[in-house]
1. Any idea what the dipole of region 7-136 comes to, in debye rounded to 20, about its Cα centre with Lys/Arg Cβ at +1 and Asp/Glu Cβ at -1?
2. How large is the direction-averaged shadow of the alpha-carbon convex hull of region 9-108, in nm²?
3. Which length gain, in nm to one decimal place, applies between Lys13 and Leu148 when the Cα-Cα distance is subtracted from 0.36 nm times their residue separation?
4. Modelling each spin label as a point 7 Å along the Cα-to-Cβ direction, I'd like the Ala84/Val49 distance in nm, to one decimal.
5. When the gyration tensor of region 138-187 is built from Cα positions, what are the square roots of 5 times its three eigenvalues, in whole Å, from largest to smallest?
6. For region 55-120, just list the percent of Cα-Cα distances falling in each 10 Å bin from zero outward, please.
7. Given 0.36 nm per residue, what is the gain on full extension from Met180 to Tyr24 after removing their alpha carbon distance, in nm?
8. Using +1 at the C-beta of Lys and Arg and -1 at the C-beta of Asp and Glu, which of Ala94, Val56, Gly81 has the Cα lying farthest in the positive direction of the dipole of region 55-120?
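Derivation of every value follows stated rules applied to the coordinates shown; laboratory data play no part. None of these values were measured; they are calculated from a predicted model. Quick reminder, even Gly has a Cβ in these numbers, built from the backbone with ideal geometry, and neighbours come from all protein chains shown.
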Amino acid sequence: MNTTLNTTSYKLKAELSDKGTALYIHTTSHQETEALLKLTSIGAIPVEVKDPITRVQGSIWAPELDMLDPADLLEGFGAEGVTAVFRPPRGPKAILYLTFSGSSLPDRVTAGYLSYRTRLAVPKPRRCRRCQNYGHGEAQCRGSGRHLTTDCTATHPACPPCGGSHEASHRDCPKWLQEMQIATLIHRQRMPPKQARAVANRDVGFPAPAPRREPAEVQ
Ligand SMILES: [Zn+2]
Ligand SMILES: [Zn+2]
Ligand SMILES: [Zn+2]
């Protein structure tokens, strides 16, 4: 599918969704995204452009705030578009995860007279501690006859997600690397999860879930 975006001079990649009812456009910068979101027509065709991301998470390093409760911090950050503040229970208390409504992460946030640089957070893929597979936690696990990682007595490690002879927590596991790639596509490239999964499957060479469609160039 070739279409001319006559309001921009960008050369962007576009890709049809699995069902062929949506067109995803991959952008490389915030400016491109902002320009695209303003589009109301492509050529003579009226279009509705939606950003698939409605919230974005970033982290800050704030040793000055490490004695304060996240609930109190939320009040202080509220004016900056922050909707949630989370401090991981383990690890340094200076690290805070902030959730912003909207799709773009501000470069900095301020708390009183302090200013912090934000970093886009990519959440780690979720892996079940019972069946070791990705995408759910042990409370939702439907794998039967399995046991918790902490109860395992096996001497030869095996990785249920990929079938390899290593523990499922191994950082060279191809399935883990693939799940990390998916998380990165979702959170850094703002790709919808289904699309990210399809792209990652294609890259690894596993069969794609839907018939292959080559991305069309949009000029
Ligand atoms: Zn499970
Ligand atoms: Zn075991
Ligand atoms: Zn593995």
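1. Details: 17 positive and 13 negative charges, 158 e Å.
It comes to approximately 760 debye.
2. Details: hull surface 36.3 nm².
Over every viewing direction, the Cα hull of region 9-108 projects on average to 9.1 nm².
3. On the way: separation 135, 0.36 × 135 = 48.60 nm, distance 4.37 nm.
My answer for the length gained is 44.2 nm.
4. 2.9
5. Working through the eigenvalues yields semi-axes of 22, 15, 8 Å.
6. Whole-percent P(r) values from 0 Å outward: 22, 63, 15.
7. This chain segment gains 54.1 nm when fully extended.
8. The listed residue farthest towards the positive side: Val56.
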